[in-house]
Amino acid sequence: MDPKKGFIQVLDSNLNVRDDIEILYYPPEYSMEKSNTYAEIAIPGLESPFLQFIKGNIGTITLEVFYDTYEKGTDVREHVNKLTGLLNIDPAIHAPPPLLFHWGLEEAAPFYCVLEKATKRFTMFNQGGIPVRARVSITLKEFKKELNKREKSRQSPDKTKIHTVIEGDSLWWMAYKEYGDPGLWRQIAAKNKIENPRFLDTGQDLVIPPLE
């Protein structure tokens with residue numbers, strides 16, 4: 001059986017596709033998990049506490065990939081290692097590469113992720129002891145590359161705000177607009193780790209922290 005284009009694309013540091021993991025069989029199923037964290041606010045005299053939303057948690061996808069090279073008689077590890085090798089550090093970014101999972105997902109909802117865990121099981125060997133059949137269970141963890149529309153629209157006086165830089169913007173103007181005092185620009189710079197406040201990238205999302 002000839003390899004097919006796979007379900008995971010390997011990205012570079014700019015999140016451009018540089019490789020596509022090949023597989024022999026498409027996975028028949030996968031599981032997606034997404035959760036939120038809430039805090040219980042206890043009020044004396046009430047039968048149950050109030051719940052306060054804290055944050056959304058990282059999404060995960062788990063699935064099992066099947067490899068079989070029995071008919072060709074080749075070492076199945078040639079295919080398996082291409083997948084599990086995504087756990088290795090990419091010298092260009094000093095970390096394992098970011099990935100794009102696209103099998104069975106809508107194009108409007110891409111799942112950027114990293115390979116968190118891989119478990120290999122070799123289930124058949126030829127007479128020379130070379131593995132020719134394997135199953136690989138993997139866990140993909142969501143990789144956040146930018147704020148989504150819901151996060152960008154979170155605007156209220158007592159919460160952190162998001163400001164998208166336009167041409168001509170300055171930290172002094174943002175501080176005057178949000179705090180009424182241009183001298184408070186250092187709080188915005190510190191929150192966003194800006195070393196040179198004179199140079200802002202147009203289109204950049206800046207966090208405007210609430211005043212203490």
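Side notes on the structure shown:
- Of the criteria (1) part of a loop (DSSP other than H, G, I, E, B); (2) modelled with pLDDT of 85 or more, which one residue 187 fails: (1)
- Residue 39, sole failed condition from (1) within 18 Å of residue 118 (Cβ to Cβ); (2) loosely packed, with under 14 Cβ neighbours inside 10 Å: (1)
- Test result for residue 150, more than 26 Å from residue 90 (Cα to Cα), assigned to a loop (DSSP other than H, G, I, E, B), among the basic types (Lys, Arg) and at pLDDT below 90: no
- Considering the stretch 73-94, and only residues there that are of a type in the set (D, E, K, R) and surrounded by 13 or more Cβ atoms within 10 Å (Cβ to Cβ), the residue that is farthest from residue 28 (Cα to Cα) turns out to be 90.
- Scanning the stretch 58-78 turns up no residue that is hydrophobic (A, V, I, L, M, F, W, C) and closer than 18 Å to residue 18 by Cα.
- Test for residue 66: is it among the hydrophobic types (A, V, I, L, M, F, W, C), over 20 Å from residue 142 (Cβ atoms) and at pLDDT 90 or above: yes
- Just one of the numbered conditions (1) modelled with pLDDT of 90 or more; (2) under 17 Å from the mean Cα position of the chain (by Cα) is not true of residue 75: (2).
- Some residue of the stretch 41-52 being in contact with a strand residue (DSSP E or B) (Cβ under 6 Å, 6 or more places away or on another chain) and within 30 Å of residue 93 (Cβ to Cβ): no
- Top-ranked residue of the stretch 95-130 - restricted to ones that are exposed (fewer than 13 other Cβ atoms within 10 Å of the Cβ) and acidic (Asp, Glu), ranked as farthest from residue 14 (Cα to Cα): 106
- When the stretch 48-62 is limited to residues that are under 16 Å from the mean Cα position of the chain (by Cα) and hydrophobic (A, V, I, L, M, F, W, C), the one that is farthest from residue 137 (Cα to Cα) turns out to be 58.
The values are calculated or read from the model by the stated rules, or taken from the named source; none is laboratory data. Only a predicted model underlies this, so the values are computations on that prediction, with no experimental measurement involved. Heads up, the Cβs are rebuilt from the backbone with ideal geometry, glycines too, and the neighbour counts pull from every protein chain shown.
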